[in-house]
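The values are calculated or read from the model by the stated rules, or taken from the named source; none is laboratory data. Since the model is a prediction, treat every value here as computed from it, not as a measurement. Cβ placement follows ideal geometry from the backbone for every residue including glycine, while neighbour counts extend to all protein chains displayed.
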Amino acid sequence: MRKPLIVGNWKMHGTQAEVSQLLGGLAVKAVADSKVEVVVCPPYLYVAAAAAQLDDSAISIGAQNLCANEEVQGAYTGEISAKMLVDAGCHYVIVGHSERREYYREDNALVAEKFLMAQRAGLCPILCVGESLQQRDSGEALSFVAEQLAAVIDQLGISVFADAVVAYEPIWAIGTGRTATPEQAQEVHEFIRDTFAERDKGVAAGLRILYGGSVKADNAKLLFAKPDIDGALVGGASLSPDGFSAIWQAVE
Ligand code: 13P
């Protein structure tokens with residue numbers, strides 16, 4: 001059985017005071033031994049404080065990025081290593097988010113490197129894939145997602161996905177208020193699972209595939225009703241305790 005997973009990606013939001021308030025609000029809403037696993041990914045600067053504040057709660061911590069060059073430490077000014085993230089209390093890390101692919105020119109090869117560094121340090125990578133509106137309109141959504149997955153599978157093998165998460169985030173649905181319909185999302189999720197199943201049925205069956213892109217409390221239930229949607233990667237709505245908890249409660 002795949003345990004549903006709801007991940008909040010806070011992106012570059014919040015002050016120390018706001019983060020602390022948000023964490024306080026979330027901590028009281030999280031239920032121990034819930035049927036759903038809940039993770040928040042604050043900006044790097046707030047990761048350690050978040051881990052400390054959520055220490056006794058049911059919510060765990062992830063990061064939004066990591067260094068691709070080296071997993072422990074080294075002369076990489078401005079970078080944060082996977083081991084540092086573990087040291088600060090992280091269990092997960094997002095790799096290949098479309099914002100990083102677009103604004104920081106992260107290509108498939110770099111994403112595969114980051115995935116590898118994460119796993120070497122014991123972090124669970126959340127690999128993001130997803131097409132642009134233009135690709136969807138020209139019928140290339142599935143082939144583009146296949147290419148993004150193949151870049152990691154061909155480089156690192158299929159077995160690394162026994163301990164990883166995939167997030168399907170169509171770029172046109174991110175921050176736009178335009179969610180993919182449950183049917184559109186399910187089509188791609190099923191395609192992703194089939195892509196893994198062609199290589200390893202066990203890995204495919206255990207793989208959690210999250211949907212991301214304008215997920216809110218009111219569209220979460222229909223999305224989660226689909227057989228291959230195992231949770232969500234949530235941006236904007238994860239910045240409020242009520243909005244975010246309503247999403248994980250929709251799964252429960
Ligand atoms: P929104 O939920 O704000 O659309 O963001 C989705 C996302 O990019 C999560 O990583």
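Assorted remarks:
- Filter result for Gln186 (at pLDDT below 95 and either assigned to a helix (DSSP H, G or I) or touching a Cys at 6+ places or on another chain (Cβ under 6 Å) (or both)): no
- For segment 80-98, residues that are buried (at least 19 other Cβ atoms within 10 Å of the Cβ) and part of a helix (DSSP H, G or I) total 5.
- Test result for Leu210, out of contact with any helix residue (DSSP H, G or I) (no Cβ under 8 Å at 6 or more places or on another chain) and in contact (Cβ under 8 Å) with a residue 24 or more places away in the chain: yes
- Among the residues making up segment 1-27, those that are under 14 Å from Asp230 (Cα atoms), more than 16 Å from the ligand (Cβ to nearest atom) and either modelled with pLDDT of 95 or more or in a helix (DSSP H, G or I) (or both) are Arg2, Lys3, Pro4.
- Count - residues of segment 203-235 that are among the small types (Gly, Ala, Ser), surrounded by fewer than 19 Cβ atoms within 10 Å (Cβ to Cβ) and within 15 Å of the ligand (Cβ to nearest atom): 1
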